[in-house]
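This report concerns only the one structure given below.
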Amino acid sequence: SEIFKVKSIPKLSWTSPKTHTFRPPAISFLNLIIGLTIFGLGEALLIVAGVGVSPWTVFAQGVSINLAWTIGTSTFVISSFVLILWLPLRQKPGIGTLFNIIIIALVLDFSLPYLPKFDSLPLRILEAIAGVFITGFGGAIYLIANLGAGPRDGLMTGLQRVTNIPIAVIRSALEITVVVAGWLLGGIVGIGTLLFAFGIGPALAISILLIQQIFKKK
């Protein structure tokens with residue numbers, strides 16, 4: 001089907017011509033902020049659903065439980081630490097990398113108290129599914145803005161370049177490592193984690209196709 005034909009991030013009217021610029025076009029910066037906000041909201045829906053979260057958020061949950069931090073604070077600290085790991089890999093952050101760290105952490109802490117919590121398991125699973133698709137939609141918007149990879153994506157591409165190990169192997173190894181570490185620290189692993197693992201790729205691809213249809217450059 002069409003979603004398996006998406007092999008690259010499209011260039012649209014709000015795509016920044018330069019990735020590594022600290023003076024991006026206003027429209028690119030605005031869509032970066034919108035995309036990251038939506039991405040954070042999707043992650044927050046997964047957390048509040050309580051049936052398991054994305055691999056890195058499992059780790060953030062584990063850290064927050066043990067250090068009595070908010071989930072936003074632990075997400076911010078983990079993302080900042082991951083960015084430090086870029087240094088020996090000679091990865092170059094963009095403005096999007098820095099705002100990724102700040103905005104997602106803020107959105108998590110500010111939105112969580114206001115999101116609906118359900119007792120019914122089917123409703124909680126539906127909330128988790130909605131979270132995966134909203135995360136994918138936000139991810140598509142900020143990736144199309146082309147202002148720098150998020151900390152985790154940059155770590156993945158940097159490790160791949162240095163080791164020459166296939167990117168799928170690198171990504172899987174990173175995700176498995178943080179899930180196990182987070183679970184051991186008390187983070188929630190469940191059906192939501194599986195939904196994210198298998199659903200985020202299709203959600204991102206569907207979102208890219210949808211956005212292309214709406215905003216295609218004339």
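The values are calculated or read from the model by the stated rules, or taken from the named source; none is laboratory data. All values reported here derive from a predicted model rather than from experimental measurement. Here Cβ is always computed from backbone atoms with ideal geometry, including for glycine, and neighbour counts include all displayed protein chains. Note: accessible area is taken over every heavy atom of the protein model, side chains too, but ligands, DNA and RNA are not part of it. Shrake-Rupley method; radii C 1.70, N 1.55, O 1.52, S 1.80 Å.
Here are the numbers for the structure shown:
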| item | result |
| --- | --- |
| The listed residue being over 25 Å from residue 209 (Cβ atoms), touching a Ser or Thr at 6+ places or on another chain (Cβ under 8 Å) and not charged (D, E, K, R), out of 78, 47 | 47 |
| Test for residue 65: is it aliphatic (A, V, I, L, M) and over 17 Å from residue 190 (Cβ atoms) | no |
| Filter result for the condition that a residue is modelled with pLDDT of 95 or more, surrounded by fewer than 16 Cβ atoms within 10 Å (Cβ to Cβ) and on the phi < 0 side of the Ramachandran plot, over 26, 44 | 26 |
| Condition met for residue 178 (closer than 26 Å to residue 129 by Cβ, touching a residue at least 24 places away in the same chain (Cβ under 8 Å) and not charged (D, E, K, R)) | yes |
| Subset of the range 57-77 that is within 13 Å of the chain's Cα centre (by Cα) and within 30 Å of residue 23 (Cα to Cα) - its residue that is least open to solvent (accessible area, probe 1.4 Å) | 75 |
| Members of the range 137-173 found to be open to solvent by 30 Å² or more (accessible area, probe 1.4 Å) and without any contact (Cβ under 8 Å) to a residue 40 or more places away in the chain, listed by number | 153, 160, 163, 164, 165, 166, 167, 168, 169, 171, 172, 173 |
| Filter result for the condition that a residue is in contact with a Phe, Trp or Tyr (Cβ under 7 Å, 6 or more places away or on another chain) and of a type outside the set (Val, Ile, Thr), over 72, 96, 50 | 96 |
| Residues (open to solvent by 70 Å² or more (accessible area, probe 1.4 Å), within 22 Å of residue 44 (Cβ to Cβ) and over 17 Å from the mean Cα position of the chain (by Cα)) located in the range 190-218 | 191, 210 |
| Extreme residue, surrounded by the most Cβ atoms within 10 Å (Cβ to Cβ), among residues of the range 86-136 that are at pLDDT below 95 and farther than 25 Å from residue 27 by Cα | 91 |
